[in-house]
Amino acid sequence: MSFLQFLSENYMEVTISLIRHVQLVVIAVGIGIVISIPLGIFLTRYKKLAAPVLAAAGAIQTIPGMVMLGIALIVFGIGMFPALVVLTLYAILPILRNTYAGIIGVNQGYIEAARGIGMTNMQILFHVELPLSMPSIVSGIRISSVYIVSWATLAGLIGAGGLGDLIWTGLSTYKTNYILAGAIPSAILAFIISGLMGLLQRIITPRGLRGNQ
């Protein structure tokens, strides 16, 4: 059976797996954003904590996905929830690191000028620091999203669904079409997300800084 024929006969299964995969990515990265951006802002105010916190987040990234999923399986059981816990932990570092670096990298001259016209610390954060660091933050979200698209394929091992289900089915039954049906949409999804986030990053980058992108 050709791959195109396989897709025509199993398009519903592939579509359901793709939708679940997108859900895993969107939820994990979304939670990662909610955690990482406020934490990154906090670390810029308490710089002594930055090194240990970033080191801890980096240590999580070094743990293989299979190990993390195994631990989550033992602690939380099977299903979508343990997969989201693991994927969210993996999503945090790129966003956290880029948020911290972006805000720290804002030219102090802009901050002093804002203070000079009477802005409060909160106004400086929302009107100066965050807008200027947003390209860096979006870059972190872009990196995180592409990573999670890849790591989410492992979620099928603990019953979370997604395109990984098709890949693992193909590997266990030696059916190439199942592997391709999971791997190709996953690669295309990563490419689309990277392209869209790259476009957004370019749009929000101030014109004078675009030459550095």
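The values are calculated or read from the model by the stated rules, or taken from the named source; none is laboratory data. None of these values were measured; they are calculated from a predicted model. Counting neighbours? That spans all protein chains shown, and the Cβs are built from the backbone with ideal geometry, glycine included. These accessible areas exclude ligands, DNA and RNA; they are computed on the full protein's heavy atoms, side chains included. Shrake-Rupley method; radii C 1.70, N 1.55, O 1.52, S 1.80 Å.
The criterion of at least 1 residues that are under 26 Å from ILE37 (Cβ atoms) is met by the following helices (runs of 4 or more DSSP H) wholly inside region 94-213: 108-116, 121-124, 130-151, 176-204.
The number of residues in region 28-43 that are over 10 Å from ALA91 (Cβ atoms) and out of contact with any Phe, Trp or Tyr (no Cβ under 6 Å at 6 or more places or on another chain) comes to 6.
For region 54-100, the set of residues classified as modelled with pLDDT of 95 or more, of a type in the set (Val, Ile, Thr) and more than 20 Å from SER150 (Cα to Cα) consists of THR99 only.
Within region 139-166, residues that are over 14 Å from LEU89 (Cα atoms) sit with their Cβ atoms under 6 Å from residues that are assigned to a loop (DSSP other than H, G, I, E, B) and not hydrophobic (A, V, I, L, M, F, W, C), at 6+ positions apart or across chains, in these pairs: GLY156/GLY162; GLY159/GLY79. For the residues SER150, SER136, the requirement of being open to solvent by 20 Å² or more (accessible area, probe 1.4 Å) and more than 21 Å from HIS21 (Cα to Cα) singles out SER136.
The test for being closer than 30 Å to ILE167 by Cα and in contact with a Ser or Thr (Cβ under 6 Å, 6 or more places away or on another chain) holds for ILE92.
For region 179-199, a residue qualifies if it is touching a Gly at 6+ places or on another chain (Cβ under 8 Å) and open to solvent by 40 Å² or more (accessible area, probe 1.4 Å), and the qualifying residues are ILE179, LEU180. Taking region 24-60 as the range and being without any contact (Cβ under 8 Å) to a residue 24 or more places away in the chain, within 14 Å of the chain's Cα centre (by Cα) and either open to solvent by 70 Å² or more (accessible area, probe 1.4 Å) or farther than 21 Å from SER139 by Cβ (or both) as the test, the residues that pass are VAL26, VAL34.
Taken over region 78-114, the criterion of being of a type in the set (Phe, Trp, Tyr) and buried (at least 22 other Cβ atoms within 10 Å of the Cβ) is satisfied by TYR90, TYR100. Residues in region 6-27 that are of a type in the set (Ser, Thr, Tyr) and either within 14 Å of ALA183 (Cα to Cα) or at pLDDT 95 or above (or both): THR15, SER17.
For PRO64, the conditions (1) open to solvent by 70 Å² or more (accessible area, probe 1.4 Å); (2) more than 20 Å from LEU163 (Cα to Cα) are fulfilled apart from (2). Residues of region 64-93 that are outside any helix (DSSP H, G or I) and under 17 Å from ARG20 (Cβ atoms): ILE78, GLY79.
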